[in-house]
Amino acid sequence: MTSWRCLDGNEAVALVAHRLSDVCAIYPITPASPMGEYADAWSAAGKVNLWGSVPHVVEMQSEAGAAGALHGALQKGALATTFTASQGLLLMLPNMYKIAGELTPAVIHVAARALATHALSIFGDHSDVMSARGTGWAMLCASNVQETHDFALVSHSATLRSRVPFLHFFDGFRTSHEVDKISLLVDEDMRALIRPEDVLAHRARGLTPERPVLRGSAQNPDVFFQAREAANPFYDAVPAIVQEVLDEFAERTGRQYGLVDYHGSPDAERVIVLMGSGAGAVREAVDALVSAGEKVGMLTVRLYRPFPTQALLDALPESATRIAVLDRVKEPGAPAEPLHLDVSIAVQEAGRAVLVTGGRYGLGSKEFTARDAAAVFADLAGAEPKRRFTVGIVDDVTRMSLPRLDDFNLSPTARSAVFYGLGSDGTVGANKTSIKIIGENTDLHAQGYFVYDSKKSGSVTVSHLRFGPDPIYSTYLVEAADFVACHQFGLLERMDVLGIARPGATVLLNAPCAADEVWDRLPVEVQQQVIDKALVLWAVDAGRVAREVGLGSRINTVMQPCFFALSGVLDETASIDLIKRSIEKSYGRRGHTVVERNHAAVDRALEEMHRVDVPASATSTHHRMAVVSSAAPDFVRDVTARMLAGEGDLLPVSALPVDGTFPTGTARWEKRGLAEEIPIWDASLCIDCGKCAIVCPHAAIRMKAFPTEHLDGAPTDFVSKAYGGKDLPEGTRLTIQVAPDDCTGCGICVDVCPARSKSEVKRKSINLMPAAEHRDQERQRYDFFLSIPEIDRSTVRQDTVKGSQLLQPLFEFSGACSGCGETPYVKLLSQQFGDRMIVANATGCSSIYGGNLPTTPWAANAAGRGPAWSNSLFEDNAEFGLGLRLGADTQRADARRLLSELAHQVGEDLAQSLLDDEPGPEDEAGIVLQRERVATLRERLRGITSPQAIALDSLADALVPVAVWIVGGDGWAYDIGFGGLDHVLSSGRNVNILVLDTEVYSNTGGQASKATPRAATAKFASDGKGTRKKDLGLLAQAYGDVYVAQIAIGANETQTVRALREAVAHEGPSLVIAYSTCIAHGIDMGTSMTHQKQAVASGYWPLYRYHPSADTGTHPFSLDSKKPSIPLRSFLEVETRFAVLDRSDPVRAEHLQALAQADVDERWHYYEQLAGVERSIPIDEHELSRETGGEVEGLAVGDDEEMS
Amino acid sequence: MNPLASTYLGMELRSPIVASPSPITGRIESLLRLEEAGVGAVVLPSLFEEELESEATTFHERRELGAGVFSEATDFFPDVELGHLGLERHIALVHEASERLSVPVIASVNGRSAGGWVRYAQDLVHAGARAIELNMYDVAVDPDHSSRHVERAYLDLVLAVRTAVDVPVAVKLSPFFTSFAHFAVDVARAGADGLVLFNRFYQPDLDLETLDVLPRIELSHTGELRLPLRWIAILRPRLPRTSLALTSGVASGTDVAKGLLAGADVVMTASEVLREGPYRVAGMLGELTEWMQAHDYESVDQLRGSVAQHNVKDPGAFERAQYQRVLSSWH
């Protein structure tokens, strides 16, 4: 009996892979991470493989490590697999060559994803798998979720039969994350296809001292070549073996696949060839065109390597005269893309008189629709088809793109529904449940795909659902929906929600008011759409219902029954019953309270839903918000704003930078207005401490000190107070101001504010107030605040918390999670060193909130200076940063040499002071003077035309010191990038490394790293991490000459400021490990900064600075926190990551927490001893001179000052 | 014959000392020590419905916090089964205690909703509890709720639970009722098999540095014995068939003797055990026995209620403020 389930491609694959493996070596990478997560969770829960053993699931430090472990397990004769994508696959390539060269059965499941080139993309294309073409792995491509499930088994079977390892791939996101109704394989299917003799043969080849062999020899020119050819018969046999497995598979399941499958008119003249999820869209186009009498068809290539030439030729109708081969990859400079080349050779060698064209589509998950496929067929029908083309974009530069076929429309049998929500409201989760309800309880087919925006706070989600009686092949977003739900009323003001509704569609709004008030609250544009399209409008105040039943902001359970009732997909009573059952299934393990509240929401939903009367004409007087201000720069208005409006797909090629270079400071133009409550300053209570500003994750709390005269022209209600300090002139005013549209309302500023009203303790100097009541006023205040000139940095005590917050942040309004624990450090860096800072940023959260389009939070000051930022990769960031340092040092050395040579022409005095008075990067006044000298130098060089002068002019900026900051998370520093980090620490070079330690891979969803503490649960450590956290700081201290600090800004802001400044001042490598609270900890982010005090007080996170010194008798290790004063448990028990284990396995939790307390005690004891250790590190001035380009005299002054 | 044998809620106990709810009765190891030390019964820590709700919803919310927000991280926690949430933990404790202890295990419940009281009481009985103690622990703050309203709600709950379970039900009350005798009798009429006097509330304290409000509870001291002593003595003749348990301020065998003399069927202790450990119960029983021997009592049944209000020469002594006598006793 067929078992139908609704699940996504990753789960469909993992179900098979875990069942057929002894060992899974895993590492997180989007979009493949869930496969490893499933495997880990199932093994932790004791789920066994086909042979009754629980597979060993081991997380490695990188994909390279996973591939190594995979190789080893295979060589021992175990059945092993791994899961990866994109850069991860690239890191596996060396081992893949080895595994294939040794004819080792193995499977790697790949959620195919773009490779980082001009930019990172987490989305799908075939760049990664095409990079593995030469490894010798067979490549089998699945086009949809059912095929991923089926081909996972086929891969595991065929590799054992053929001895050739298999790379099983499918499109990242489109297939890996699309939820579909599929038929599940059963154990008997697997047993039938996995022949015991093949398993035994593989095991027999495993290394054992009982039958010793040597594998992995080094071969010389005499035999290497022949040995390389010796495996040919195995490759020759693969196509037939795969077909054999596919045929056996078909016998059992009824699903027949070929190596290459044809679909379309038997006498097709025009044929599209492609692989992957695009096949669904092409199939729809083929069916529509064939119905219209056109002779078209398609070939879906399933086995890509070894390339099944004969199968392709056999499948291609004799009638075909024109073929368009579509590649989801770009190989710049190649004569054609890979599949195009392969097909061309096959056809040519067969002597078929066929015109073969080739086109690129779908890079980085670019939409590829049936309309795009039809455009390809239309081009093939033309007199002169384009030999090389792109489809799905507008290329107005090289004019390669095919024109869009606006008049092509399908008549789908499936109904479609689109839901707009916020990430935090549970819309996506509810829709996944709805698909399961429909797909698993009716004969209907169902499909769901979910689109998220680029922000981690206040992100908009769009769910695309289809359901209908026939299989659904639409592998692209819904274009015209029968049902549209807007789960957040405010989105109607910000974006075109109803544009996707087809005429006559049903629309459901979650409205914060009575149904009869809804119409008047709609912007006029929305009203007009409703009227023009004759939309049927319904409303429910889901927010109120959710609050009343105790579900807070999770409105999904209210909206879901409304969807079922309005869509009519199921009988109302049946749907209510099914929803309740699914709630019990989903939330039953979280306690009956959660179930009961959700049930109550379901019961209330339908009685609270009402039809909205639609008048004949639009009556509203207010409009949808402008995307960006008209004052924005051209690029922001012309390009960024289009992306913000969801129109990025329409931007032509010419609109985009050619090399991935983007302007900074664009986040300030994106006014998201997320917060329901914003902090309002009460100057009468303020004590000028600056804590609110320093902890603000979004730079939305600003502090300025300024002379009174700058208040001229201020709005009458603009607030300021007398500056409370003697470091600035008398009469100085101070203002603390919120950026009302950029604040996310996390409340951290209020939590840390120490100034309370004497008469009402709950009132502080900064208080959260309803945004709706205060936003307009605060906008005016903020606009004026921005107009106040920034303070002269040289007048500020920058080493104090307060002083640091008077400096302009050059990192602002990032899309990080509300309450992010990382961004306050990043912002502080930008305040301290922003105008002299280059950032090498490891891939991860910080590269996403720092560099994910549409907007960029890194910004410049009024002089145009600011951090220069770049992200290379995940694993190489330390090396990348070192390279930046080397480049800067080289330029500096060249500049100094040229300056010496030209001293007589530019002026000896100027040259001398430029050379001798060069400041350190933390020397504010010195830098101002040096910049003035550089400006003078440039003026003087203007009159000199020698090549040296021109060269010096180009290098003169290098005379001003730069701070190179290497920034990344713990996944990078502790795991994948540790080798490079270690090397950079050993280099002696002047780089500063900031590790934003969330103790987990935050960006990919909370997988354990070596920074994850003992007793915490995380993905890949479902049963609690059993080993202690790696002490990265201690490892770095071992070098002796590395400045090391461990900081926690919420626990001790002053120590944080001091450590960052000392790190920059240290003339050598420095490492600052910053405790970063994260939503992956499962804490209340609004109190996360004060929670850090508990981390320190319990000894969980000791604060220290290790300041190397050449002086004798010094104690370089300074323990900055006090002896633990509270038990560790009181810190752990409020964090979900620890508390989960208490509730899932209390015995293990108690055991691990006891060990964790012992870890704390032991570490504190050890650190206390370190604090008493004398250490003097010799400095080799000669080496330092050589490495920094000579002339150590120029450095010596600053050096002495810094060490003193 | 065991001179310490007592009867409470219809259960035959080997001694009149019952361990009342505390962290000591929350662990199986210390429960076993209490049994070794000679307690007659144990009352496990209260199951607080509000706490259970809060725990479940907090976990749910925290785990949902980042779910469905970002394409790379559709959630942040492994979907492990939380098979040991508060309710499951509590039920497991009741079950294990009932299995391993030979003395009766009494489960305590503090509900928030009417349904909660009943459901949790049933769950605890199902887990093996020999009796249920309803921990009526509430601070009436709504000025629109009259004393009658508050009392009515209590009585409804008692009736509901009494109807729902087939084991004895005791009700633990606070002393803050306008007419306590009247209400106590009403509670008994509503179906309570016993009364436990009295509940002690967490009381707010202020942190003078942070100005935070801190909920605190101090261990009881001997002086606190006198309030329940008074009411046990007063209620004993008025509720002859209702079990009475004295709790608060019981620190010695002589305190136990006082409670029994006033009319308590059992005397409960928590603070003294927390201070001195489970084996203190053996000491207290020894002190009680010593006192009984010194005063020629053969059994606790013999002395029980002998100094209850109706058995003393001056019944008014339990009712008067006794201002002058108290003062004179200090001279």
* To do: Pull up all non-local amide H partners of residue A:966: gap of 5 or more, or a different chain, and H-to-H distance under 5 Å with H placed in the peptide plane.
  => A:840, A:992, A:993, A:994
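How big is the shadow of the Cα convex hull of segment A:26-69, averaged over all directions, in nm²? Mind showing how you got there, number by number?
Values: hull surface 12.8 nm².
Convex hull of Cα atoms, orientation-averaged projection: 3.2 nm².
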* **Where only alpha carbons of segment A:1-131 are counted, the Rg and the Dmax (Å)** => 14.6, 50
* Structure fact -> Treating every alpha carbon of segment A:879-959 as one equal point scatterer without solvent, the Debye formula yields log10 I(q)/I(0) values at q = 0.26 Å⁻¹ of -1.28
* To do: Treating each Cα of segment A:662-801 as an identical point scatterer and ignoring solvent, apply the Debye formula and state log10 I(q)/I(0) at q = 0.19, 0.22 Å⁻¹.
  => -1.23, -1.55
* Distance in nm between label sites at residue B:320 and residue A:117, each 7 Å beyond Cα in the beta-carbon direction? -> 10.2 nm
* To do: Could you run the Debye sum over the Cα atoms of segment A:415-611, one equal point scatterer each and no solvent, and tell me log10 of I(q)/I(0) at q = 0.15 Å⁻¹, two decimals?
  => -0.88
* Could you pull the Rg and Dmax for segment A:1028-1140, using just the Cα atoms, both in Å? => 15.1, 49
* Asked: Long-range amide H contacts for residue B:133: which residues qualify at under 5 Å (H placed 1.01 Å from N, peptide plane, sequence gap of 5 or more or a different chain)?
  -> B:107, B:108, B:109, B:170
* To do: Please give, to one decimal in nm, the separation of the simple spin-label points placed at residue A:528 and residue A:345, each 7 Å out from Cα toward the Cβ.
  => 5.7 nm
* Residue by residue, what Karplus-based ³J(HN,Hα) values in Hz, rounded to whole numbers, does segment A:161-175 have, using 6.51, -1.76 and 1.60 with θ = phi - 60° and x for Gly and Pro? -> 6, 9, 6, 8, x, 10, 9, 9, 10, 7, 6, x, 6, 4, 9
* To do: With springs only between Cα atoms under 10 Å apart, run a GNM on chain B and tell me which of B:21, B:315, B:78 wobbles the most.
  => B:78
* Between segment B:153-170 and segment A:87-159, what is the C-alpha centre distance in whole Å? -> 65 Å
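Can you tell me, using C-alpha contacts under 8 Å and at least 6 residues apart, the relative contact order of chain A as a whole percent? Let's see the in-between values first.
Values: 2552 pairs, mean separation 80.7, N = 1204.
In percent, rounded to a whole number, it is 7.
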* Taking chain B as a Gaussian network, where each spring joins two C-alpha atoms under 10 Å apart, which residue of B:45, B:168, B:204 fluctuates the most? -> B:204
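Going by the alpha-carbon gyration tensor, a ≥ b ≥ c the square roots of its eigenvalues, is segment A:258-391 rounded (a/c under 1.5) or, if a/c is not under 1.5, prolate (a/b greater than b/c) versus oblate? Walk me through the numbers before you get to the answer.
Numbers: a/c = 1.28, a/b = 1.04, b/c = 1.23.
It comes out rounded by the Cα gyration axes.
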* Asked: Tell me, Kirkwood radius of segment A:251-311 from alpha-carbon pair distances, in Å?
  -> 12.3 Å
* How about segment A:923-1000: which trypsin sites (Lys or Arg not before Pro) there are in a DSSP loop, with at most 16 other Cβ atoms within 10 Å of their Cβ? -> A:942
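For the cross-link pairs A:1030/A:1122; A:762/A:1123; A:1093/A:1123; A:827/A:1010; A:455/A:1093; A:456/A:1093, which exceed 20 Å when the distance is taken from alpha carbon to alpha carbon? Walk me through the intermediate numbers first.
Values: A:1030/A:1122 22 Å; A:762/A:1123 31 Å; A:1093/A:1123 13 Å; A:827/A:1010 26 Å; A:455/A:1093 29 Å; A:456/A:1093 26 Å.
As for pairs spanning more than 20 Å Cα to Cα, those are A:1030/A:1122; A:762/A:1123; A:827/A:1010; A:455/A:1093; A:456/A:1093.
For chain A, what does -39500 (n - 2.57) per DSSP helix run (n ≥ 4), summed and divided by total residues, give at 222 nm, in deg cm²/dmol to the nearest 500? Could you put the intermediate results ahead of the total?
Numbers: 42 runs with 467 residues, N = 1204.
Result for chain A, helices only: -12000 deg cm²/dmol.
May I ask you to work out the translational diffusion coefficient for segment A:127-198 at 37 °C, viscosity 0.692 mPa s, via Stokes-Einstein with Rh from the Kirkwood sum over Cα pairs, reported in whole µm²/s? Before the final figure, lay out each step's value.
Details: Rh = 13.2 Å.
For the chosen part, D equals 248 µm²/s.
In what sequence, highest mean first, do B:32-44, A:579-591, A:544-556 appear when ranked by Cβ atoms within 10 angstrom? Write out the running numbers ahead of the final one.
On the way: B:32-44: 22.7, A:579-591: 17.9, A:544-556: 21.0.
In descending order of packing, they fall as B:32-44, A:544-556, A:579-591.
Cα convex hull of segment A:404-458: how many Å³ per residue?
Details: hull volume 5.9 nm³, N = 55.
Convex hull of Cα atoms, per residue: 108 Å³.
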* Which of B:155, A:941, B:288 comes first, and how do the rest follow, when ranked by fewest Cβ neighbours within 10 Å? -> B:155, A:941, B:288
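Antiparallel as a % of all DSSP beta bridges within the protein assembly as shown, to the nearest 5? Can you show the working numbers first?
Working: 65 of 171 bridges.
So the antiparallel bridges in the protein assembly as shown amount to around 40 percent.
Using DSSP to call loops (not H, G, I, E or B), can you name the GluC sites (Glu not before Pro) in segment A:1103-1163 whose Cβ has at most 13 other Cβ atoms within 10 angstrom?
On the way: sites: A:1133, A:1135, A:1150, A:1162; in loops: A:1133, A:1135.
Sites meeting the loop and neighbour criteria: A:1133.
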* Structure fact -> Long-range amide H partners of residue A:501, meaning residues 5 or more apart or on another chain whose placed amide H is closer than 5 Å, are A:481
* Using only the alpha carbons of segment A:3-252, determine the length spanned along each of the three principal axes and report them from longest to shortest in whole angstroms. => 54, 47, 35
* Asked: Hey, could you pull the Cα Rg and Dmax for segment A:762-831, both in Å?
  -> 14.6, 39
* Structure fact -> Normalised per residue, the volume inside the convex hull of the alpha-carbon atoms of the protein assembly as shown in Å³ amounts to 246 Å³
* Highest-fluctuation residue, B:193, B:255, B:142 considered, GNM on chain B with Cα pairs under 10 Å -> B:142
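Using the reciprocal of the averaged 1/r over all distinct C-alpha pairs, how large is the Kirkwood radius of segment A:51-191 in Å?
Details: mean 1/r = 0.0649 Å⁻¹.
In segment A:51-191 this quantity evaluates to 15.4 Å.
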* To do: Please report how far the C-alpha centroid of segment A:232-278 lies from that of segment A:321-369, rounded to the nearest whole angstrom.
  => 18 Å
* Structure fact -> The convex hull of the Cα atoms of segment A:454-513, divided by residue count, gives a volume in Å³ per residue of 120 Å³
* Can you give the angle from 0 to 90° between the axis of helix A:1088-1097 and the longest principal axis of chain A, with both taken from C-alpha atoms, to the nearest 10? -> 70 degrees
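At 10 °C and a viscosity of 1.306 mPa s, what translational diffusion coefficient does Stokes-Einstein give for segment B:6-330, taking Rh as the Kirkwood radius over Cα pairs? Give it in µm²/s as a whole number.
Working: Rh = 21.1 Å.
D, rounded to a whole number, is 75 µm²/s.
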* Asked: Alpha carbon centre of segment A:666-707 versus segment A:1056-1111: separation in Å?
  -> 23 Å
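Using Cβ counts within 10 Å as a stand-in for footprinting exposure, how do A:541, A:727 rank, fewest first?
A:727, A:541
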* Structure fact -> PRE zone check, label point 7 Å out along Cα-to-Cβ of residue B:112, amide N under 11 Å, scope segment A:592-617, hits A:593-594
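How would you rank A:744, A:890, A:104, B:163, going from fewest to most other Cβ atoms within 10 Å of each one's own Cβ? All intermediate terms of the calculation are to be shown ahead of the outcome.
Values: A:744 27, A:890 14, A:104 22, B:163 11.
Ranked by crowding around the Cβ, least crowded first: B:163, A:890, A:104, A:744.
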* Asked: Using 0.36 nm per residue, how much length does the chain from residue B:207 to residue B:54 gain when fully extended, once their Cα-Cα distance is taken away?
  -> 52.6 nm
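Every read-out reported here was derived from the displayed coordinates using simple, explicitly stated rules and does not represent laboratory data. From a predicted model like this one, the values you see are computed outputs, not experimental measurements. Backbone-built Cβ (ideal geometry, glycine too); neighbour counts: all protein chains shown.
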